[in-house]
Amino acid sequence: MRLQPNRGWTDPTMHGHDPIPYARELARGDAAAAEAIIDALVTRSIEGWRLADATFWQRVRYRSRLFRAHARRDDAAGQRAAS
């Protein structure tokens with residue numbers, strides 16, 4: 001996973017950003033690693049009393065799970081069509 005701070009991953013006001021690009025990047029990687037990263041970001045936001053940021057990261061989590069599920073469904077449909 002290519003998480004780099006200069007891309008905004010540690011911006012203290014994440015809730016103003018679009019969650020979809022972050023979710024797509026996290027969905028491309030390992031699911032367990034993505035969940036751990038989001039857990040850490042949510043925890044850091046809550047510790048700093050930035051509840052809007054914690055909500056943002058929860059939205060990223062939901063979207064990344066959704067993208068991952070769609071990718072699995074599309075892979076399964078492709079395998080069925082090939083056989």
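The values are calculated or read from the model by the stated rules, or taken from the named source; none is laboratory data. Predicted model only: the values in this text are computed from it and were never measured. Note that we place each Cβ from the backbone using ideal geometry, even for glycine, and neighbour counts take in every protein chain shown. Surface accessibility is based on the protein's heavy atoms, side chains included, excluding ligands, DNA and RNA. Shrake-Rupley method; radii C 1.70, N 1.55, O 1.52, S 1.80 Å.
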| query | Among the numbered criteria (1) assigned to a helix (DSSP H, G or I); (2) surrounded by fewer than 13 Cβ atoms within 10 Å (Cβ to Cβ); (3) at pLDDT below 90, which single criterion is violated by Pro12? | reply | (1)
| Can you name every residue in the range 17-31 that is open to solvent by 70 Å² or more (accessible area, probe 1.4 Å) and either at pLDDT 90 or above or in a helix (DSSP H, G or I) (or both)? | Pro21, Arg24, Arg28, Asp30
